[in-house]
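Input: a single structure, listed below in structure tokens.
The values are calculated or read from the model by the stated rules, or taken from the named source; none is laboratory data. Keep in mind that this is a model prediction, so the values were computed, not measured. Positions of Cβ are backbone-derived with ideal geometry, glycine not excepted, and every protein chain shown enters the neighbour counts. Just the protein is used for accessible areas: all its heavy atoms, side chains included, with ligands, DNA and RNA removed. Shrake-Rupley method; radii C 1.70, N 1.55, O 1.52, S 1.80 Å.
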Amino acid sequence: MTLVFSGICSHGPGITGRADLAPPELRDPFYAAYRKMGDAIRATGAEALIVIAAEHFANFFMNNMPAYAIGMADQYEGPIEDPDWLRIPRQQVRGDADLSRRLIAEVQQTVDVAYAEEWKFDHGIMVPLHFLDPANALTIIPANINCQGPPLTPLHRAFAFGRALRRAADAVPQRIALVGTGGISHWPCTPDSGRINEAWDRDFLDRWASADEARLTAYTDAETYADGGQGGYEIRTFIAAAAAAGGKGIVDFYAPIPIFSTGCVVGWSEIV
């Protein structure tokens with residue numbers, strides 16, 4: 001087996017961009033859990049990190065919106081946003097086109113996936129990398145699930161995508177880590193921005209920790225929109241990460257941090 005790590009983490013732009021406005025008693029343990037995850041990834045000897053994110057109309061648009069996409073380049077750039085606003089310097093991020101090609105070919109055995117040889121990373125990838133790989137030492141394989149433009153991929157298909165990524169990771173000789181990153185409940189770019197449904201978040205994280213496919217995929221999009229906001233659609237990335245790992249999940253940190261505009265979580269799953 002070459003999948004050596006699977007985890008989840010939140011990625012809102014406020015996590016870095018509004019750091020000075022967050023209560024230290026919430027912000028500091030959150031940052032510590034994020035950095036602890038980075039340490040855990042490095043301790044596995046991982047050579048590459050698959051980041052399953054929800055891309056925010058930075059590269060994919062409604063003229064052609066893939067349900068799933070994987071990057072296939074030797075180099076990426078990010079953040080696409082203003083670095084001063086996000087407080088993350090613009091930088092080159094190392095990829096591996098050949099490794100991506102082999103992963104994509106295996107994923108395609110069961111899940112149709114687009115690929116992109118050009119990809120500018122937005123906060124959905126750059127915020128996690130800021131904490132998980134500050135030295136820019138890992139090879140990054142970006143993966144996107146459409147969580148923005150309905151019709152959205154059904155949750156059971158997001159689970160299938162995670163399983164396909166696991167099979168692909170196990171088929172290559174490199175040691176592969178994987179993280180699913182999104183928000184839990186949040187209402188970005190609306191008058192409700194900053195609202196967080198803590199009860200809904202905790203219920204979802206309980207389902208995620210159980211690794212029970214039926215419980216994880218039981219939501220309808222209407223229920224998610226009502227209880228978790230349009231940002232709640234990003235649970236697809238966490239579901240895919242759970243499917244890739246196969247084992248029970250452990251939540252290292254969770255707290256609603258309104259200035260970050262999302263429920264903030266860091267967790268990891270047993271690889272089975």
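Among the residues of the stretch 131-144, those that are of a type outside the set (Gly, Ala, Ser), in contact (Cβ under 8 Å) with a residue 60 or more places away in the chain and out of contact with any Ser or Thr (no Cβ under 6 Å at 6 or more places or on another chain) comprise Phe131, Leu132, Asp133, Pro134, Leu138, Thr139, Ile140, Pro142, Asn144.
The set of residues from the stretch 149-169 being more than 14 Å from the chain's Cα centre (by Cα) and not basic (Lys, Arg) comprises Gly149, Pro150, Pro151, Leu152, Thr153, Pro154, Leu155, His156, Ala160, Ala164, Ala168, Ala169. Looking only at the stretch 132-145, how many residues end up being touching a strand residue (DSSP E or B) at 6+ places or on another chain (Cβ under 9 Å) and either at pLDDT below 95 or surrounded by fewer than 19 Cβ atoms within 10 Å (Cβ to Cβ) (or both)? Within the stretch 132-145, residues that are touching a strand residue (DSSP E or B) at 6+ places or on another chain (Cβ under 9 Å) and either at pLDDT below 95 or surrounded by fewer than 19 Cβ atoms within 10 Å (Cβ to Cβ) (or both) number 2.
What is the residue count in the stretch 50-81 for residues that are open to solvent by less than 60 Å² (accessible area, probe 1.4 Å), in contact (Cβ under 8 Å) with a residue 60 or more places away in the chain and in a loop (DSSP other than H, G, I, E, B)?
Taking the stretch 50-81 first, the residues open to solvent by less than 60 Å² (accessible area, probe 1.4 Å) are 50-56, 58-60, 65-73, 76-79, 81.
Okay, now just the ones that are also in contact (Cβ under 8 Å) with a residue 60 or more places away in the chain, so 50-56, 58-60, 65-71, 76, 81.
Adding the requirement that they be in a loop (DSSP other than H, G, I, E, B) leaves 54-56, 58-60, 65-67, 81.
Selection size over the stretch 50-81: 10.
For the stretch 97-127, the set of residues classified as open to solvent by 40 Å² or more (accessible area, probe 1.4 Å) and part of a helix (DSSP H, G or I) consists of Asp98, Arg101, Arg102, Ala105, Glu106, listed by residue number. Reported count of residues in the stretch 27-70, each being among the aromatic types (Phe, Trp, Tyr) and under 20 Å from Tyr233 (Cβ atoms), is 4. Considering only the stretch 28-45, state which residues are in contact with a strand residue (DSSP E or B) (Cβ under 7 Å, 6 or more places away or on another chain) and of a type in the set (D, E, K, R). Matches in the stretch 28-45: Lys36 only. For beta carbons closer than 7 Å, sequence separation of 6+ or different chains, a first residue in the stretch 182-206 that is free of Cβ contacts under 8 Å to residues at least 60 places away in the same chain and a second that is of a type in the set (A, V, I, L, M) and in a helix (DSSP H, G or I), the qualifying pairs are Phe204/Ile235. Consider Ala46 carefully, then state whether it is part of a loop (DSSP other than H, G, I, E, B), more than 17 Å from Leu165 (Cα to Cα) and either modelled with pLDDT under 95 or open to solvent by less than 40 Å² (accessible area, probe 1.4 Å) (or both). For Ala46, the condition - part of a loop (DSSP other than H, G, I, E, B), more than 17 Å from Leu165 (Cα to Cα) and either modelled with pLDDT under 95 or open to solvent by less than 40 Å² (accessible area, probe 1.4 Å) (or both) - is not met.
Where helices (runs of 4 or more DSSP H) fall entirely within the stretch 167-272, those with at least 2 residues that are surrounded by fewer than 16 Cβ atoms within 10 Å (Cβ to Cβ) are at 198-210, 213-216, 221-228.
Cβ-Cβ contacts under 8 Å between residues 6 or more apart (or on different chains), taken from a first residue in the stretch 147-171 that is touching a residue at least 12 places away in the same chain (Cβ under 8 Å) and among the aromatic types (Phe, Trp, Tyr) to a second residue that is open to solvent by less than 50 Å² (accessible area, probe 1.4 Å) and assigned to a loop (DSSP other than H, G, I, E, B), are listed as Phe159/Thr217; Phe161/Val111; Phe161/Val113; Phe161/Thr153.
The listed residues are Phe5, Phe30, and the only one of them that is in a strand (DSSP E or B), buried (at least 21 other Cβ atoms within 10 Å of the Cβ) and of a type outside the set (Ser, Thr, Tyr) turns out to be Phe5.
Quick test for you: out of Ala209, Ala243, Ala169, Ala177, pick the one residue that is small (Gly, Ala, Ser) and over 14 Å from Ile8 (Cα atoms). Of the residues listed, the single one that is small (Gly, Ala, Ser) and over 14 Å from Ile8 (Cα atoms) is Ala169. Residues in the stretch 146-163 that are surrounded by fewer than 23 Cβ atoms within 10 Å (Cβ to Cβ) and small (Gly, Ala, Ser): Gly149, Ala160.
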